[in-house]
Every structure is written in C-alpha cells, then in structure tokens.
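The values are calculated or read from the model by the stated rules, or taken from the named source; none is laboratory data. The structure presented is a predicted model; accordingly, all values stated were derived computationally and were not measured. Note that we place each Cβ from the backbone using ideal geometry, even for glycine, and neighbour counts take in every protein chain shown.
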Amino acid sequence: MKLLKTLIATTALVGAATFANAQANPAVIFDLGGKFDKSFNEMSYTGAERFREETGIEYREFELQSDAQREQALRRFAQAGNNPVVVAGFSNATAMNTVAPDFPDTDFVIIDMVVDQPNVRSVIFAEHEGSYLVGVLAAMASESGTVSFVGGMDIPLISKFQCGYTQGAKAVNPDITVLATMTGTDGSAWNNPVKGGELTMSQIENGSDVVFAAAGGTGRGVLQAAADAGIYAIGVDANQNYMQPGTMLTSMMKRVDVAVYNAFNDVNNGEFTAGIQVMGLAEDGVGYALDEYNADLITPEMKAAVDQARADIIAGNIVVHDYTVDNTCPVE
C-alpha cells in the first residue's frame, strides 16, 4: 500500500511537471533597425509586452545587429528551451530553414516570409490591401495632384506597399502622379532617417504634398521632413499619428503585435499550429489609423470613401494586385 501511494504521488508530480512545462517560455528576436524603431520591430515588442502583462510570463529577447547573428540567435534560444521562438523579418528565412529541423519539438514563428517546416508558423500580411486604403486618403487629401512614397530596402515586399498605395491613389484620381524612391539595397536602409528626410525633401521639391513612408526607422526622417515642410505624411506598421500631430494624415497599420501575441498565447494554451497564416483586411491584420491626432484631417467624405474601399476589398469587389505574385504593378 505504501508503495502504491508513493507511485500515485510520483505520478501526480510528473503530471504537474508536464503541465508546467507546457507553459510558454517565449523568446522574440528583433530585426535590424532596433526594438524601438517606432515601426515594425516595436510592434513585435508591443505584442510581447501585451502577453507578459496579461499572463505574468516573462519572455527573452534579442536585437539583431548584423545578418551574421540570425542563425546564432535562433539556435541559442531553441537550445535554451524557449518556446515559441518568434522572429520578424523576411531576412530570417534561411536561418529558420536551417535551425527549425534541428529542434523538432520547438515551435517557431517567422513573420513576413514563408518557411515550409512542420514546426514553423509563417505569418504574412496583405500589405497591399492596407496600402490601397491610405492611397485613397492620400489622393483625396492632395491639392497638388502629386503624392509620393519612400521605401526602405529595395525588395519586392516594399514594392508591395508601393504598388497598393499607387492603386488606391489612382482609383481616386487616375491622373495623379505617384513618386517613389527606395532608400537602399541592404539592411542599413531600415535605419537611416537622415537619408529618409533627404529623399522626402526631393519629392516635395517635385510637387508631392503627401508622402507615405514604409521604411522602418528611416521613416522617422520622412515624417520629420514632411512636418518641417508642412505637408502630410502617412506612417506605417505601428500607429505613428502621434509622432507629428497635425501633419500625420494617417498610418497604415500592420498588426505584427497581434501575430507575436497570438504565437505566445497559442503555445501557452496548447493551441499552436504551424503552416501559413495570412492577415489582411478581413482578419484586421492591416488597416488605417484614425484617432485624436488625425481626426480633424480626415473629412467625412474621405472616411466614407476609404471605408467603402475596405468593404469592397473584403467582399472581392475590388481586387488589389499583389506585387510579390509577379513582381509587376499594373498601374505604374
């Protein structure tokens, strides 16, 4: 009887330990540009913080300083038993493909790229849909008939923003001019606000009175230059309306925070699934920001038009072309 009681007690302890070990022990890796870039990376941080505040579970983090650290950071967290390990940024795909098979019991998440591994969740966004909406607003706000776009790294993903923006603007005004410039061809393009400001000033000199920045930390320079010149700017990823009140027309929201929060929460609740997740307008994964900082800039006519465009895209009445499908933009 004593032996039986001991076995029962031991089994209960093992069961309790198994349950405890099922609790998330998350980690998040921030891409180049820094955790507090006011944009893409900071949205990852916001999602991780929301999880920590709601559950009391701490998470580990790492800010990448170079491409060489990508595989090392993923492997280090997996070896330490962190689960899930979340990384935001398409440039992590090669490292993820290398590391994930070595840790089949670890749940990995990559945002902005598809990695086909049985233990990897790939979260991608319909940035072209959200960009279409802010393109509608840009064209309606423009008095010069010229709007512009400053991208970060010259890659198809950023062209996806640009193309959606152009489609939205031209849906309002087929004769509108859309100027577009990319900041660079390597990772430094995400964190060069000085160059972002210079590119914006050049566009302003060429007639732009609304500029959309999709450039990570570089966007800070774009928004500042627009404010200094007294033209409208459109932020990206996070709601950046507060950064330059009075000249921020809106922000194209990309809910990276939701992707990170869901990943942490799903593992914690034993509900994690791998595979591809697409977050578009229908899933509230993208959209435009309206708050106290820009409420006076968005007229009732503008709001009605952009809300109708949103509804039409969700219903399939408007199909926004995705640049990354064929590397072309039909309206340029």
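At-a-glance table
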{"item": "In the stretch 230-270, the residues that are out of contact with any helix residue (DSSP H, G or I) (no Cβ under 7 Å at 6 or more places or on another chain), farther than 23 Å from residue 281 by Cα and polar (S, T, N, Q)", "result": "269"}
{"item": "Selection from the stretch 205-245 of residues that are out of contact with any Phe, Trp or Tyr (no Cβ under 8 Å at 6 or more places or on another chain), surrounded by fewer than 21 Cβ atoms within 10 Å (Cβ to Cβ) and over 22 Å from residue 42 (Cβ atoms)", "result": "205, 206, 207, 228, 229, 230"}
{"item": "Some residue of the stretch 76-84 being surrounded by 14 or more Cβ atoms within 10 Å (Cβ to Cβ), farther than 17 Å from residue 269 by Cα and either touching a Pro at 6+ places or on another chain (Cβ under 8 Å) or of a type outside the set (A, V, I, L, M) (or both)", "result": "yes"}
{"item": "Among the candidates 217, 235, 275, residue that is touching a residue at least 40 places away in the same chain (Cβ under 8 Å), assigned by TED's automatic domain parsing to the domain that holds residue 147 and either of a type in the set (Lys, Arg) or closer than 28 Å to residue 318 by Cβ (or both)", "result": "235"}
{"item": "Selection from the stretch 222-263 of residues that are under 13 Å from the mean Cα position of the chain (by Cα) and among the charged types (D, E, K, R)", "result": "237, 254, 255, 257"}
{"item": "Which listed residue, of 194, 211, 222, 109, is part of a strand (DSSP E or B) and more than 21 Å from residue 329 (Cα to Cα)", "result": "109"}
{"item": "Matching residues in the stretch 57-75 - criterion: being surrounded by fewer than 15 Cβ atoms within 10 Å (Cβ to Cβ), modelled with pLDDT of 95 or more and in a helix (DSSP H, G or I)", "result": "72"}
{"item": "Members of the stretch 88-106 found to be surrounded by 24 or more Cβ atoms within 10 Å (Cβ to Cβ) and not in a helix (DSSP H, G or I), listed by number", "result": "88, 89"}
{"item": "Criterion (hydrophobic (A, V, I, L, M, F, W, C), outside any helix (DSSP H, G or I) and without any contact (Cβ under 8 Å) to a residue 40 or more places away in the chain) met by exactly one of 179, 249", "result": "179"}
{"item": "Any chance residue 268 is touching a Ser or Thr at 6+ places or on another chain (Cβ under 7 Å) and in the same structural domain as residue 29 (by TED's automatic domain parsing)", "result": "yes"}
{"item": "Of all residues in the stretch 300-332 being β-branched (Val, Ile, Thr) and touching a residue at least 24 places away in the same chain (Cβ under 8 Å), the one that is nearest to residue 131 (Cα to Cα)", "result": "320"}
